[in-house]
Amino acid sequence: MKKRLRKKRHLGEFQEIGFEVSFTFEPGATIEEDNDLLFAFLDYAIEDNGLLFGGGGRDGSWSGVAYADGPPGTRTSPEQRGAVLEWLNRHPRMKTIRAGEFFDLWHDELPSDSGAEVAPENRSAEVQNVNGGHF
């Protein structure tokens with residue numbers, strides 16, 4: 001297939017890869033505190049690691065897809081995924097944290113029940129296990 005068609009169809013070197021991420025806040029905070037934590041997540045876990053995030057949520061439960069910010073074919077790395085999990089794990093207000101496996105944003109369905117859910121008592125061990133995976 002010619003390069004122009006691979007680019008148009010997001011195939012080969014133009015394939016775009018991302019991962020699902022979801023998290024839940026511990027209840028009891030104000031809306032402003034929840035918003036501040038969400039904005040910090042977007043600023044420091046997503047944008048500072050060269051990622052974009054598409055998703056949404058409410059009532060302290062959020063989910064979406066994180067993927068590399070760049071021209072077509074820019075790959076999301078295991079290190080970026082690990083950095084997002086590490087950032088989420090540092091915040092005590094996170095009740096549950098989950099990061100899915102890598103998938104093709106254009107051609108795969110959003111994987112269901114893949115990846116790792118991290119319970120608060122197992123957070124540090126889980127980050128090490130998740131970072132071991134490679135795409």
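Listing for the model above:
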{"quantity": "Lone unmet requirement of (1) modelled with pLDDT of 95 or more; (2) over 30 Å from LYS3 (Cα atoms); (3) surrounded by 12 or more Cβ atoms within 10 Å (Cβ to Cβ); (4) not basic (Lys, Arg) for LEU38", "calculated": "(1)"}
{"quantity": "Condition met for ASN49 (among the polar types (S, T, N, Q) and within 19 Å of ARG98 (Cβ to Cβ))", "calculated": "yes"}
{"quantity": "Qualifying residue in segment 59-72 (condition: over 29 Å from HIS107 (Cβ atoms) and not aliphatic (A, V, I, L, M))", "calculated": "yes"}
{"quantity": "Residue match in segment 7-17 (condition: part of a strand (DSSP E or B) and touching a residue at least 24 places away in the same chain (Cβ under 8 Å))", "calculated": "yes"}
{"quantity": "Qualifying strands (runs of 3 or more DSSP E) (wholly inside segment 27-116; at least 3 residues being closer than 29 Å to GLN15 by Cβ, acidic (Asp, Glu) and in contact with a Leu (Cβ under 8 Å, 6 or more places away or on another chain))", "calculated": "none"}
{"quantity": "In segment 41-79, residue nearest to the chain's Cα centre (by Cα) [restricted to those that are surrounded by 16 or more Cβ atoms within 10 Å (Cβ to Cβ) and more than 17 Å from GLU16 (Cα to Cα)]", "calculated": "ALA45"}
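The values are calculated or read from the model by the stated rules, or taken from the named source; none is laboratory data. Here the structure is a predicted model, which means the values were calculated and not measured. Positions of Cβ are backbone-derived with ideal geometry, glycine not excepted, and every protein chain shown enters the neighbour counts.
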